[in-house]
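A.B. asks: Just dropping this structure here.
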Amino acid sequence: MDLSVEFAGIRLRNPTMLASGILGISYEVMKRVYDAGAGAVVSKSISVEPREGYRGPIIVKVDSGYVNAVGLANPGIDHFVHELSMYGYDKGYAYATQDNRSNNSDDRMPIIVNLVGSSIDEFVSMVKRLDHLSIVGYELNLSCPHVERVGLEVGDDPELVSRIIKGIRAVTSKPIIAKLGLGAVDMLEVAKAAIDSGADAVTAINTVRAMVIDVETCMPVLSNKVGGLSGRAIKPIAIRCVYEMYRAGVPVIGCGGIYDWRDAVEFMLAGAYAVQIGSAIGDGWLDVFREVNDGIREYLAKKGLKSIRELIGIAHRY
């Protein structure tokens, strides 16, 4: 059963992707995820300058997943470009087609670089630094729920989102994906602004603003007090968002609470072209990618479907 998918100018061997956040700075770690069965990997959020992030505690496990406030810690764009160059990603366009979009034309691991910034200039400058590399495309973190001046503060401004994407589109022909979350503005409005401005798809959703308090110390557990909730608790919210995106004609990647093949299939029935897996890896479970793909393959056979494409959006028939 062929599990390959194509969306937003990207073709992958299967619809599972490493979600940005838990892993994704080291090439070697990303390669372990890819070898474990992922169709692509999305890097951790990369910024112009290195970020130390918040002091600990930065993550706490809850019944339904995790609440984290890492603070977008990363080594910065220069270090990340050097990291990828060390592994041959500076050796030409491994994914070039007639319009220079990605089609995974060789066996190189497909990497989508997640970028975070607070201005148009920051995003554009990072894309200019990365665009010569053989990466698949860019995912823009417009929805981090716990860092000031980036994330939701950017994503809650559809006009700013539009200007950022137009700025990036002016300097690259690679696919652009906007990662959106639950903020003060209707996510669908932001998604439409992103697509109308040149984005190829959106990822829905990011973590949800949350908090945990220790009843013995009477203090917030996280040093930042507020963090982002991920895991099973947010899946029904994410499913609803994906359903609404697909209904509005927005190409969408599903993310939020995917732990097994049933979760992945539910996202696809709602309209997701691919799915991102994050919190399930937090339990040290890289096998989740292979198990999800095996389950999807068996599901397609059971339903008499020949490809992933036939599965996408079925729930909209009813």
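Readers should treat all values here as calculations from the given coordinates under stated rules, not as data from a laboratory. Fair warning: this is a prediction, and the values are worked out from it, not measured in the lab. So basically every Cβ, Gly included, is an ideal-geometry build from the backbone, and we count neighbours across all protein chains shown.
A.B. asks: How charged is the neighbourhood of residue 221? Take every other residue with its Cβ under 12 Å from the Cβ of residue 221, and add Lys/Arg as +1 and Asp/Glu as -1. Present the calculation step by step, with values, prior to reporting the outcome.
C.D. replies: On the way: positive: 61, 225; negative: 214, 216.
Neighbour charge sum, excluding residue 221 itself: 0.
A.B. asks: Separate question: Summing -39500 (n - 2.57) over the DSSP H runs of n ≥ 4 in the chain and dividing by its residue number, what mean residue ellipticity at 222 nm do you reach, to the nearest 500 deg cm²/dmol?
C.D. replies: Only helices count here, giving -9000 deg cm²/dmol.
A.B. asks: Rank 299, 253, 273 by how far each Cα sits towards the positive end of the charge dipole of the chain (+1 on Lys, Arg Cβ; -1 on Asp, Glu Cβ) and give me just the farthest.
C.D. replies: 299
A.B. asks: Would you mind ranking 22, 120 so that the residue whose beta carbon has the fewest other beta carbons within 10 Å leads the list?
C.D. replies: Going from sparsest to densest Cβ surroundings: 120, 22.
A.B. asks: Ranking 244, 310, 49 by Cβ neighbours within 10 Å, fewest first, what do you get?
C.D. replies: Placing the least packed residue first, the sequence is 49, 310, 244.
A.B. asks: Okay, next question. Order these by the 10 Å Cβ neighbour count, fewest first: 203, 172, 217, 16. Show your work: numbers first, answer last.
C.D. replies: On the way: 203 33, 172 17, 217 8, 16 29.
By the 10 Å Cβ count, ascending, the order reads 217, 172, 16, 203.
A.B. asks: Which of 61/225; 61/302; 174/225 have a Cα-Cα distance over 26 Å?
C.D. replies: Beyond 26 Å between Cα atoms: 61/302; 174/225.
A.B. asks: Continuing with the same structure: Could you tell me what a quarter of the Cα convex hull surface of segment 5-317 works out to, in nm² with one decimal place?
C.D. replies: Working: hull surface 60.6 nm².
Projected area, direction-averaged: 15.1 nm².
A.B. asks: Aspartates and glutamates within cross-link reach of residue 235: Cα-Cα under 19 Å, excluding same-chain residues under 8 positions apart?
C.D. replies: By straight Cα distance, residue 235 reaches 63, 186, 244, 260, 263, 266, 283, 291.
A.B. asks: Considering the dipole of the chain built from charges on the beta carbon (Lys and Arg +1, Asp and Glu -1) around the Cα centre, which of 21, 178, 215 is farthest to its positive end?
C.D. replies: Comparing the listed Cα positions along the dipole, 178 ranks first.
A.B. asks: In a Gaussian network model over the chain where Cα atoms closer than 10 Å are linked, find which of 141, 68, 224 has the largest mean-square fluctuation.
C.D. replies: 224
A.B. asks: Applying a 10 Å radius around every beta-carbon, put 286-299, 252-265 in order of their mean neighbour count, most first.
C.D. replies: Details: 286-299: 18.0, 252-265: 24.4.
Packing order, densest peptide first, comes out as 252-265, 286-299.
A.B. asks: Along the charge dipole of the chain, Cβ charges K/R +1 and D/E -1, which of 155, 37, 168 sits furthest on the positive end?
C.D. replies: Result: 37.
A.B. asks: Continuing with this model, one more query. Any chance you could check the Cα centroid distance between segment 25-64 and segment 244-290 for me, in angstrom?
C.D. replies: After rounding, the separation between the Cα centres reads 17 Å.
A.B. asks: To continue, here is another question. Report, in debye and to the nearest 20, how large the dipole of the chain comes out about its Cα centre when Lys and Arg carry +1 and Asp and Glu carry -1 on their Cβ.
C.D. replies: Using Cβ point charges on Lys, Arg, Asp and Glu, the chain gives about 560 debye.
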